[in-house]
Amino acid sequence: MGLIRLIILGIVIYLVWQLIRRWQNKPANRVAQTERKRIDGSMVRCDHCGLFIPKEEAIQANGRQYCSEAHRLADGKDQ
Ligand SMILES: [Zn+2]
């Protein structure tokens with residue numbers, strides 16, 4: 001009985017320790033990485049209004065990039 005308790009206690013301590021490590025390390029690093037990616041990740045210019053937006057948020061159409069669906073449509077009308 002004493003040994004089983006000791007093993008369970010060990011597992012609980014291990015899990016708590018893992019949880020604490022995860023809280024301390026990962027969220028902050030992930031945010032930092034995302035932020036860094038966003039900063040030196042490629043920015044593209046909206047072909048309609050000239051606004052700079054992260055490439056992954058840009059709307060691509062006919063080899064051009066737009067900041068929003070509205071500008072994609074507006075630019076399409078001009079041509
Ligand atoms: Zn735009």
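The values are calculated or read from the model by the stated rules, or taken from the named source; none is laboratory data. The structure presented is a predicted model; accordingly, all values stated were derived computationally and were not measured. Methodologically, a virtual Cβ is constructed for each residue, glycine included, from the backbone with ideal geometry; neighbour enumeration extends over all protein chains shown.
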**Message:** Pairs please, first residue from segment 56-68 and surrounded by fewer than 16 Cβ atoms within 10 Å (Cβ to Cβ), second anywhere and assigned to a strand (DSSP E or B) and not aliphatic (A, V, I, L, M), Cβ atoms under 9 Å, 6+ apart in sequence or on different chains.
**Reply:** Gln60/Tyr66
**Message:** Being among the aliphatic types (A, V, I, L, M) and at pLDDT 95 or above is the filter here; which residues of segment 7-50 pass it?
**Reply:** Ile7, Ile8, Leu9, Ile11, Val12, Ile13, Leu15, Val16
**Residues of segment 53-79 satisfying the condition of being assigned to a strand (DSSP E or B) and near the ligand (Cβ under 10 Å from one of its atoms)** = Ile53, Ile59, Gln65, Tyr66
